[in-house]
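The values are calculated or read from the model by the stated rules, or taken from the named source; none is laboratory data. These numbers were taken from a predicted model, which means no experiment stands behind them. Here the Cβ positions follow ideal geometry from the backbone for every residue, glycine too, while neighbour counts run over all protein chains shown.
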Amino acid sequence: MAEDIRFSKKAATLTHASARGKVKRNAGNFTRGSQLFHHEILMTWAGIRMPLYVWVGTAVLLLCILVSLTFKNHEVQLVLMKLYAEAWGWVQLNPNKPVNLTLPSGQMVQGTMSMVPYHPAVERAWAKAVQVSISAGLGAAFICVPLTVWFVDFSKRRGTDILTERHERGAVLVTHGELAKAITSHNWNAHVSECRKRRPAVDPDKILAEPLKDRVRAGLHAPYRLAGVPVPWRLEQSHAMFIGTTGAGKTTELKKIVTQARERGHRCVIFDLTGTFVESFYDAETDIILNPMDRRCVPWSIFNDCDNYAEFMSAATALVPSGHSAEDDFWQKSARTLFVEMCVKMIKMGVRSNGALSYFLMQSDLKTIHAQLEGTIAGPMMSPAAAKMAESIRTTFIANANVFRFLPEPPPGETGFSIKNWMTTEVKEGSILFITSTHPDLVLNRPLLTLWMDLAVNALFHMGRSRDLRTWFLIDEVHALHRLPAIDHGLQTARAFGGAFVLGMHSFDKLEETYGENGATNLASLAGTKLILKTADPETSRRCSEFIGNRQVRIMDEAYSYGYNDNRDASTITPRTNVEELVMPVDISDLPSMHGFVKFPDG
């Protein structure tokens with residue numbers, strides 16, 4: 001099987017198609033290579049000499065010690081005489097040259113040079129010398145072999161360490177396993193601490209043996225996992241942003257969160273533009289679908305979630321987005337006022353149906369609308385005397401609220417579904433609120449989908465404060481909705497009410513189209529956790545690289561100089577400090593699917 005070049009880490013040589021000619025150099029490849037090879041040999045020999053000298057010195061020292069302890073008088077002389085006689089014979093000099101040998105007893109013996117090696121006293125002295133030499137060699141080996149092994153290992157580690165990049169400050173990139181191990185240890189310590197703080201204190205190990213839902217019901221935290229890594233203790237509510245192009249893996253990770261939420265009994269509000277979440281998780285007994293084009297959509301009315309002027313105004317802001325200019329904004333704000341005043345009027349009339357709302361604002365003539373709103377601040381805007389302005393305002397409203405005509409009505413005697421009640425009173429463990437659409441229906445449904453999601457976020461704040469996670473808001477393709485007025489303060493304060501947001505997006509350009517440059521930057525800053533997958537455009541890759549962060553690193557550069565004279569040969573190691581991106585933008589855009597980087601808050 002061919003090796004995947006993306007992960008082989010092999011060196012790559014690139015020749016540009018536009019390259020012309022070759023650079024003229026003073027030395028050819030052979031000269032350069034031979035000089036560097038010669039320099040390497042000399043440097044290697046310089047390293048070998050040190051343990052070699054130590055070995056020889058140790059052997060000589062041991063030999064001297066053993067000789068001084070074991071040799072008797074004149075035995076050293078006998079050994080030297082044997083060596084002298086052997087050398088005399090090797091050069092074939094006169095073998096009958098007379099010599100005098102002094103024995104260890106002090107007796108002097110006369111003889112010829114040829115008989116010296118065979119004299120018994122000389123043979124005994126030589127045997128002792130051989131034995132002492134072997135002992136000295138073995139002793140030197142016993143001492144120097146470990147020292148040599150240590151020296152070689154130390155030198156290799158020193159050589160590696162001196163060229164290793166030194167992280168001084170900034171972001172740090174670690175492997176999946178290292179991050180998981182560190183967070184697991186951190187979470188265990190936090191779990192033990194919380195168990196000890198409870199009254200009465202509980203055993204941390206016994207708690208982990210209990211069923212997951214029982215632990216959650218008891219208010220004990222069970223960390224989620226993101227991309228196979230545990231989320232640091234209670235940081236799910238710091239919110240997350242998943243950034244990646246189509247097919248990069250955002251939806252896969254979102255599904256894993258939904259699965260874990262179901263296991264813990266936590267609820268989810270999911271914006272599902274493709275239907276994949278409904279297909280994978282919908283349970284008719286516990287879950288709710290809001291989609292006017294889906295037959296499973298529950299009957300819903302704005303009157304089920306708004307009771308006063310302020311709530312209607314908040315809903316109108318989500319339903320009718322702000323204009324792109326001051327002139328456009330006038331019509332948008334006027335359309336909101338028209339909607340709010342008519343809803344308040346209908347409550348006073350005791351009429352709370354979607355059909356009646358559609359009739360009064362979309363199908364009635366101008367005189368009928370003016371008659372209903374006479375005496376309100378919307379009355380002058382709907383005056384037949386200013387018919388052109390009135391129709392423009394109504395047209396602006398209809399453009400955003402046309403989908404109300406397709407909402408199902410509840411059976412007689414029933415009020416229909418309320419997002420606020422689902423969030424606050426009609427609580428079911430593991431229930432999911434699906435706010436869905438298809439791409440063909442999105443143009444019609446977008447304002448209503450935005451309104452529903454905004455109402456769900458605001459409903460969270462009607463619940464009591466809690467440090468425990470209760471509800472997830474999963475918005476894949478957040479830029480597919482109109483601007484969510486509640487999302488800014490939702491990201492800022494939902495943590496205190498048990499809410500956690502996950503925002504999925506393709507590119508920052510799309511997000512900026514909806515929220516503006518400052519708004520998109522604010523959303524990104526409020527999402528503490530970032531899951532960065534493959535991106536398709538350079539600007540998003542650059543922003544993701546900035547999210548990951550920079551680092552200050554100390555790098556050692558190794559350089560070589562060579563010349564005709566060996567004195568010119570040298571290797572130099574020079575330190576250099578750089579501030580650089582921890583991950584380059586191009587590395588993010590070239591990621592394979594299901595590969596990426598995860599960054600948690602709090603370091």
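See the values below:
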quantity	calculated
Residue tally, condition surrounded by 14 or more Cβ atoms within 10 Å (Cβ to Cβ) and closer than 19 Å to D305 by Cα, over segment 447-473	18
Number of the exception - G413 against (1) in a helix (DSSP H, G or I); (2) over 42 Å from the mean Cα position of the chain (by Cα); (3) more than 29 Å from Y515 (Cβ to Cβ)	(1)
Test: residue in segment 523-530 that is surrounded by fewer than 19 Cβ atoms within 10 Å (Cβ to Cβ) and either at positive phi or in a strand (DSSP E or B) (or both)	no
Odd one out for N400 among (1) in contact with a His (Cβ under 9 Å, 6 or more places away or on another chain); (2) part of a loop (DSSP other than H, G, I, E, B); (3) in the same structural domain as N304 (by TED's automatic domain parsing)	(2)
Filtered residues of segment 467-509 (kept if in a strand (DSSP E or B) and either in the same structural domain as H324 (by TED's automatic domain parsing) or modelled with pLDDT under 90 (or both))	R467
D488 being at negative phi, free of Cβ contacts under 8 Å to residues at least 60 places away in the same chain, of a type in the set (D, E) and out of contact with any strand residue (DSSP E or B) (no Cβ under 7 Å at 6 or more places or on another chain)	yes
Residue in segment 246-255 that is out of contact with any helix residue (DSSP H, G or I) (no Cβ under 6 Å at 6 or more places or on another chain), surrounded by 16 or more Cβ atoms within 10 Å (Cβ to Cβ) and on the phi > 0 side of the Ramachandran plot present	yes
Residue list for segment 173-188, filter: exposed (fewer than 12 other Cβ atoms within 10 Å of the Cβ) and in contact (Cβ under 8 Å) with a residue 24 or more places away in the chain	H176
Residue within segment 94-116 that is part of a helix (DSSP H, G or I), at pLDDT 85 or above and not small (G, A, S) present	no
In segment 553-574, the residues that are surrounded by 14 or more Cβ atoms within 10 Å (Cβ to Cβ) and either at pLDDT 80 or above or not in a loop (DSSP other than H, G, I, E, B) (or both)	V553, I555, M556
Cross-chain or 6+ apart pairs with Cβ under 8 Å, segment 40-67 first and under 30 Å from S561 (Cα atoms), then assigned to a helix (DSSP H, G or I)	L42/D566; G47/S155; M50/F151; P51/C144; P51/L147; P51/T148; P51/F151; P51/V152
Residues of segment 194-234 that turn out to be at pLDDT 90 or above, in a loop (DSSP other than H, G, I, E, B) and of a type in the set (K, R), as a count	1
Some residue of segment 151-166 being in contact with a strand residue (DSSP E or B) (Cβ under 9 Å, 6 or more places away or on another chain), assigned to a helix (DSSP H, G or I) and touching a residue at least 24 places away in the same chain (Cβ under 8 Å)	yes
Sole exception among (1) closer than 22 Å to P485 by Cβ; (2) assigned to a loop (DSSP other than H, G, I, E, B) for L357, by number	(2)
Residue that is surrounded by the most Cβ atoms within 10 Å (Cβ to Cβ) [pool: residues in segment 285-318 that are among the aliphatic types (A, V, I, L, M) and without any contact (Cβ under 8 Å) to a residue 40 or more places away in the chain]	A316
Breaking point among (1) over 29 Å from V149 (Cβ atoms); (2) surrounded by 12 or more Cβ atoms within 10 Å (Cβ to Cβ), for P51	(1)
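Each row is one residue, and each column tells you yes or no for (1) free of Cβ contacts under 8 Å to residues at least 40 places away in the same chain; (2) farther than 14 Å from I243 by Cα; (3) touching a helix residue (DSSP H, G or I) at 6+ places or on another chain (Cβ under 6 Å).
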| position | (1), (2), (3) |
| --- | --- |
| E513 | yes, yes, no |
| A527 | no, no, no |
| K530 | no, no, yes |
| T540 | no, no, yes |
| Q552 | no, yes, no |
| E580 | yes, yes, no |
| I588 | no, no, yes |
| M594 | no, no, no |
| P601 | no, yes, yes |
